[in-house]
Structures are given as structure tokens and as C-alpha cells.
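Okay, so here's the structure we're looking at.
The values are calculated or read from the model by the stated rules, or taken from the named source; none is laboratory data. Nothing here was measured: the structure is a model prediction, and the numbers come from that model. FYI the Cβ positions are ideal-geometry reconstructions off the backbone, even for glycines, and counts take in every protein chain you see.
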């Protein structure tokens, strides 16, 4: 069975993204994707969602 983990980053910096990637991959989650939220007034992302997956053994 595939599990998903979504992490919301309210402040998008390279340090914040790196910290989340390092933390969750160390916990045996696999990076899937990152989605940025951009407002029309700015080209800089206002927030990001980082997606991870991992397989779990089938339950009873």
C-alpha cells in the first residue's frame, strides 16, 4: 500500500526546502514532487507543498 505525506512550507527558501527534504528522506519517505503557489503580483512563490510517498506492508 502506498502512503502519502504532504508538507506545507509557508516560507519558501532554499534552506527551508533543503531541511524538509533532508528530514523526511531520513525518515524513509521518498520525495515525489513539489508544488509552488505563486501570486499574480509576484513571481516569487508565496508557499510550497512538498509531497513524499512510501510503501507500507499490506495489513490484515
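Name the single residue, out of those in the stretch 15-46 being assigned to a strand (DSSP E or B) and within 11 Å of the chain's Cα centre (by Cα), that is surrounded by the most Cβ atoms within 10 Å (Cβ to Cβ).
34
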Pairs where the first residue, in the stretch 34-47, is without any contact (Cβ under 8 Å) to a residue 60 or more places away in the chain and the second is exposed (fewer than 11 other Cβ atoms within 10 Å of the Cβ) and outside any strand (DSSP E or B), C-beta under 8 Å, 6+ apart: 38/44; 46/39; 47/10; 47/11
Show the residue pairs meeting these rules: Cβ distance below 8 Å; 6+ apart or different chains; first residue within the stretch 1-29 and farther than 26 Å from residue 56 by Cβ; second residue modelled with pLDDT of 95 or more. 10/47; 11/47; 12/36; 12/47; 12/48; 16/9
